[in-house]
Amino acid sequence: MKRIGTLSTLVAGALLVLTAGPALASDSAISIGSKAAYLARGAAVQVSVTYTCTPAPSPWNPDALISDVYLSVTISQAVKKGMITSASGEFRVPCTGAEETATVVMTASERAFVKGPAMASAHGYDVDMSGAIILPSVQQVIAVK
């Protein structure tokens, strides 16, 4: 009986740790362009991601500012019945406090992209992974054209 109670406590504690995370900065935002450019017969796509983030003090060194974030972008698409392709990448971009736009080119994995709808997602996090800067996650359907 004691082991079950201890296991329950550990599981509850782990759930609390997994659900608790750094708070989003009130001035952070991210959005994905509604269209992706079809490149090299579908071997790659190009999409624009617009984001806003403000440099933040590093929890590891209060005298230093974190002024870059990693922008993580993924695009997935059904290309044939039962087959999908995707592309993803992480890109280091500056945090200036102003709205910025990054244009990213990503190479398809295994199968070429086709012209049509695709699912895109993006989020951002700070370079030193301290949680000082977190951009909210966004997912939306885009058009590969």
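Among K115, K80, the order by Cβ neighbours within 10 angstrom, fewest to most, reads K80, K115.
In plain terms, the residue of V141, V93 with the fewest other Cβ atoms within 10 Å comes first and the most crowded comes last, giving V141, V93. For a quick check of your reading of the filter: which chymotrypsin sites (Phe, Trp or Tyr not before Pro) in the stretch 58-132 sit in a DSSP loop and have no more than 12 other Cβ atoms within 10 Å? Passing both the DSSP loop test and the Cβ count: W60. Fewest neighbouring Cβ atoms within 10 Å first, the residues D126, D68, D63, D27 line up as D63, D27, D68, D126. May I ask for the distance between the Cα centers of the stretch 127-145 and the stretch 63-93, given as a whole number of Å? So the separation of the two Cα centres works out to 8 Å. The C-alpha radius of gyration of the stretch 24-144, expressed as a fraction of 2.2 N^0.38 Å, stands at 1.15.
Values quoted throughout were computed directly from the atomic coordinates according to the rules given, and no laboratory measurement underlies them. What you see is a predicted model, and the numbers here were worked out from it, not measured in a lab. Neighbour counts run over all protein chains shown; Cβ positions are idealised from the backbone, glycine included.
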